[in-house]
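A quick write-up on the structure given underneath.
The values are calculated or read from the model by the stated rules, or taken from the named source; none is laboratory data. Given the structure is predicted, the values throughout are model-derived calculations rather than measurements. Methodologically, a virtual Cβ is constructed for each residue, glycine included, from the backbone with ideal geometry; neighbour enumeration extends over all protein chains shown.
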Amino acid sequence: MKRAALGVLIVIVAMAPLAIFSGCVGGKISAIDDIITSASLMNSGETRVAEIDLEAGAYSDAKIKLTVAKVDYQEALKILDNATTVFDAEKEIIELNKIICSYSLDSIAALQKFTVFMEHMEKVVAYMEGAVNVEPDDIASIRSELKLADDALDDTAPLISTAKEKCFSIDMDTIPIQSKSGILEDRLSLEQSEKLISAYGEMISGDYSLVDGVERMLEAVEYMEQEHWHTAELWFGECSADLSKSRDIFVNLKNSEFTEISAPAIEIYSLLTEVLEAVDHLEAGCGCVDRGDFSKAEKEFDKATALLGYL
């Protein structure tokens with residue numbers, strides 16, 4: 001949804017002087033006015049979308065801009081659907097712009113869902129800040145936010161795929177040369193969006209396992225406080241398995257082509273590596289206490305404390 005409509009508008013502006021009478025060219029029915037008006041609306045919608053910055057966390061502003069941009073494209077599409085002309089060149093432009101409007105509306109719907117996804121993920125990050133300090137009551141809230149984020153992402157994917165399919169249905173050999181770079185940009189953008197959504201899906205899978213691991217860690221610590229050492233040892237073992245599963249996902253995401261994926265993946269991977277080492281010491285320490293080897297247990301707990309700083 002970048003510059004495809006702009007190329008068409010340039011073509012139409014060049015044709016505009018031919019419109020000797022309103023709605024007529026040489027006495028024949030023309031759609032120049034409708035095409036110019038619709039192209040202007042399309043460019044207005046495009047500008048609104050381009051101004052959105054989700055990285056800044058301006059979700060309310062994004063929702064407003066997307067809602068208004070949607071209206072721009074809907075009104076443009078209505079005009080194009082009702083446009084009448086006898087000129088083949090205009091008919092081709094109308095059909096092209098109708099496709100652009102259609103996949104732009106799909107893209108806007110996807111961005112609306114993606115904005116919801118980002119909102120819930122920001123809440124997840126807020127809860128998980130310093131994962132070892134999460135309270136037991138937070139776990140249910142984190143899972144709830146993850147589920148809402150996951151659902152929003154699931155809704156985003158098919159919309160992007162539909163937009164991509166429509167965009168790629170355009171025959172690049174038959175459209176105005178001024179529109180080709182814009183259509184190409186839209187294709188590349190939609191392909192990247194599809195990949196990004198897939199990568200976020202993997203990240204959520206890693207987050208689910210991370211939350212499972214943190215919950216088991218909290219359970220294990222509770223059993224430690226109750227001096228149920230063998231049960232605590234078992235729970236730390238379960239915790240280690242979940243956190244290892246999460247780390248295996250994030251290690252693959254460290255090399256993602258998307259910085260918004262790779263940067264947090266590197267940070268989470270580093271955290272998980274440290275926490276897993278501490279969990280191993282906690283598991284070993286609980287086992288030592290259960291067997292009566294208190295001296296070795298103290299050393300294991302000291303190592304865990306050095307890593308986590310919370311015991």
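Structure data summary
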{"item": "Pair list, Cβ < 8 Å and 6+ apart or interchain, from the range 57-86 residues that are farther than 9 Å from G45 by Cβ to residues that are assigned to a helix (DSSP H, G or I) and basic (K, R)", "result": "K65/R48; L66/R48; L77/K98; L80/K98; D81/K98; T85/K91"}
{"item": "In the range 228-258, the residues that are in contact (Cβ under 8 Å) with a residue 40 or more places away in the chain and more than 34 Å from the chain's Cα centre (by Cα)", "result": "W229, H230, A232, E233"}
{"item": "Which numbered condition S198 fails, given (1) within 16 Å of the chain's Cα centre (by Cα); (2) crowded, with 18+ Cβ neighbours inside 10 Å", "result": "(2)"}
{"item": "Considering residues of the range 66-84 that are crowded, with 20+ Cβ neighbours inside 10 Å and of a type outside the set (A, V, I, L, M) only, the residue nearest to A163 (Cα to Cα)", "result": "Y73"}
{"item": "Top-ranked residue in the range 154-188 [being of a type in the set (G, A, S) and modelled with pLDDT under 95; ranked as nearest to the chain's Cα centre (by Cα)]", "result": "G182"}
{"item": "For A109: the one exception among (1) more than 20 Å from E55 (Cα to Cα); (2) free of Cβ contacts under 8 Å to residues at least 60 places away in the same chain; (3) of a type in the set (G, A, S)", "result": "(1)"}
{"item": "Positions within the range 242-256 being within 18 Å of D280 (Cβ to Cβ) and small (G, A, S), in sequence order", "result": "S244, S246"}
{"item": "Pick from the range 152-188, criterion among the charged types (D, E, K, R) and loosely packed, with under 14 Cβ neighbours inside 10 Å, ranking: farthest from S209 (Cα to Cα)", "result": "D173"}
{"item": "Lone qualifier among V124, V134 - being under 17 Å from I261 (Cα atoms), modelled with pLDDT under 95 and touching an Asp or Glu at 6+ places or on another chain (Cβ under 9 Å)", "result": "V124"}
{"item": "Residue that is at pLDDT 90 or above and either within 20 Å of S193 (Cβ to Cβ) or not in a helix (DSSP H, G or I) (or both), where the choices are A62, A5", "result": "A62"}
{"item": "Residue list for the range 214-271, filter: farther than 26 Å from F294 by Cα and acidic (D, E)", "result": "E215, D242, D248, E257, E260, E267"}
{"item": "Unique residue being buried (at least 16 other Cβ atoms within 10 Å of the Cβ), under 24 Å from I170 (Cβ atoms) and modelled with pLDDT of 95 or more when the list is S107, S30", "result": "S107"}
{"item": "Qualifying position, being among the charged types (D, E, K, R), over 16 Å from V124 (Cα atoms), modelled with pLDDT under 95 and in a helix (DSSP H, G or I), among E260, E274, E283, E233", "result": "E274"}
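Matching residues to (1) surrounded by fewer than 19 Cβ atoms within 10 Å (Cβ to Cβ); (2) farther than 30 Å from S193 by Cα:
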| position | (1), (2) |
| --- | --- |
| E257 | yes, no |
| E260 | yes, no |
| A263 | yes, no |
| I268 | no, no |
| V279 | no, yes |
| D290 | yes, yes |
